[in-house]
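This report refers to the structure that appears directly beneath it.
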Amino acid sequence: MNDLSLLSDILIILTTAFVFGYFAGKIKQPPVIGYIAGGAVVAFFGGKLTTQATSTLVDFGVILLMFTLGIEFSFKRLIRVKNIVFLGAISQVVLFSVVFTFILGIFLHIDYFQAVFLALSFSLSSTAIVVKLLFDKGESDTLYGEILTGWLLVQDLLVIPIWILMPAIWQSINAGSTTFIGVFSSVLFAMLKAGFILYLVYWFGKKIVPLYLGKIAKTGERELFLIAVVLLISILGSLVSWAGLSPALGAFFAGLLVSETSQNHAIFAEIRPLRDILSIIFFVSLGLLFNFSFLIANLSLILILVVLAVAFKFVIVGFLMVYFRYHTKTVYLTSLGLITIGEFAFILGRFGLDQQYISVSSYNILLSVSALTMIIGPLAISLGSRSYHLIRNLVRKSSPFAYEKFFTKLDQENKFDEELPFNNHIVICGHGRVGRHISKTLDMADIPYVVVDYNQKVVHELKKHGANVIYGDPSDVEVLDYAQVDKAKVVVVAVPDRHTQEMIIQNSLFLNKNIIIICRSHFDEDRQRLYALGAHAIVQPEFEAAVHMSGVLLNLYKCPKEEISVYLNKIRKEE
């Protein structure tokens, strides 16, 4: 009977994931939103998990999810934007937690420990959702994309001290040590104990893990390699669990260690299918735990908390970004990208509920608020550039004073003081991977150009090398006018964002109806739209790579050069 119940649970979960994940894709949302929403719908009609075995699968799914997050963790990406993400992420989590603890404690009369637990959970944003959205939009390598990724990775790291501190504080309070000295001594002991265990794990990972995995990899047995990886996760998870921490945290730490080995890609490839299935079960199970009667009974409270959580995150991140003097577009898009409450909140909430750190009512608040922000967040991020320009234009028209004090002051600080000394030049909008190579080619050919970008680091580097560069948003008609598009011959649109591309084309043609516009695009469906707007040539990096690789392959097989040229031209015409 239990076996049938387990199969029934898995059948319901996977069917729900398939149907709602499919529809989430249709409306251009991450599948994880569909999984959680699908579980919530099933819960609304009375569905729930019926066996302990299914719950065990869910727990193991969390462990594998944490392990692969550790493998994908990139210290190199953190280093590129270390100044903002380390101080920014830590400050944001602390400031948000202090403010929200006060709100939950004073206005909702939630006890201090639960208020801190909920506030810390709400302070974390969704790595899975945001990184997936950045990848789908082709904006992972933009300035705001790198800041977002680094910020989220630091937040993921902050889960470690949170997991250490919360049980220590709880045990101290339960033991009656409510004084500062009592709590401090309890926390200090927990941190020393956890630090010792983590050091042992680190030593084990540096000295033993590479040798262990290297020996297994040399056998060439894929099944044996997979078993070895799962065994490693189990050992490290158990060791960390002995220190009073969650096995999932041990799995995350194991992933960090494995990420530094030469087998990291092979391990990720082997573990990913199992991780995907079990993490799907986890996300659907979160929806199944959704309590609709609680949501309806406390709808106004939940909506107020959602608005406050989103607003405080947006404002705190925005303030920190302004402090570091980033362009307002970078400030806005980064702040918007961090408004979601992430998957770690669910994991922490489940951990808190299991350990009885929080009540069922507090857990339902956490689940409801987090789920709603995970639905709102992706919609807001997908409309980020469009809403930024809408707000900017609205402020410009309705309050020139506010526009001058905020937008003008931040966005025009690093522009030229003198007029550009040439005409018939090229305006390169965006100096990322594409724009950088174009400018190098133009330098070699001694063709005049000016770069427009709102990445301060890029602007400073170009100025250092004597290049003509303007600090500003290339979609802004005033910035394009300052770059003398009216006197230019060509505008190169090297930015990946669709809405920004559209605005650059429209504003360039407004300033110079004879301008030649060359635009990049990652998406086939954008070609006709960009041509209709006035672009003269659309270049797709993936298509050009395919054409070049085809030429290399034909050369390898000794095809005559005339035939290669004919074949490649035919491919271009068909495209």
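Those residues that are assigned to a helix (DSSP H, G or I), over 23 Å from the mean Cα position of the chain (by Cα) and either under 24 Å from residue 336 (Cβ atoms) or not hydrophobic (A, V, I, L, M, F, W, C) (or both), I need them from the range 348-364; list them, please. It would help to see each step written out before you state the result.
If we filter the range 348-364 for residues that are assigned to a helix (DSSP H, G or I), which is where we start, we get 348-354, 360-364.
After this cut, where a residue has to be over 23 Å from the mean Cα position of the chain (by Cα) as well, the list is 351-354, 360-364.
Once the filter is applied, which keeps residues that are assigned to a helix (DSSP H, G or I), over 23 Å from the mean Cα position of the chain (by Cα) and either under 24 Å from residue 336 (Cβ atoms) or not hydrophobic (A, V, I, L, M, F, W, C) (or both), the range 348-364 yields 352, 354, 361, 362, 363, 364.
List the helices (runs of 4 or more DSSP H) that sit entirely inside the range 524-575 and contain at least 1 residues that are β-branched (Val, Ile, Thr).
541-556, 561-574
Which residue is farthest from residue 510 (Cα to Cα), if the candidates are limited to the range 437-475 and must be touching a residue at least 40 places away in the same chain (Cβ under 8 Å) and in a loop (DSSP other than H, G, I, E, B)?
455
Which one is surrounded by the most Cβ atoms within 10 Å (Cβ to Cβ), of the residues in the range 438-463 that are among the polar types (S, T, N, Q) and under 25 Å from residue 477 (Cβ atoms)?
In this case the residue turns out to be 439.
Across the range 501-523, which residue is modelled with the highest pLDDT among those that are over 15 Å from residue 483 (Cβ atoms) and part of a helix (DSSP H, G or I)?
Among those residues, the one meeting the criterion is 506.
Any residue that is modelled with pLDDT of 75 or more, surrounded by 14 or more Cβ atoms within 10 Å (Cβ to Cβ) and not in a helix (DSSP H, G or I) - is there at least one of those in the range 294-310?
yes
The values are calculated or read from the model by the stated rules, or taken from the named source; none is laboratory data. These numbers come from a predicted model, not from an experiment. Cβ atoms come from the backbone with ideal geometry, glycine included; neighbour counts cover every protein chain shown.
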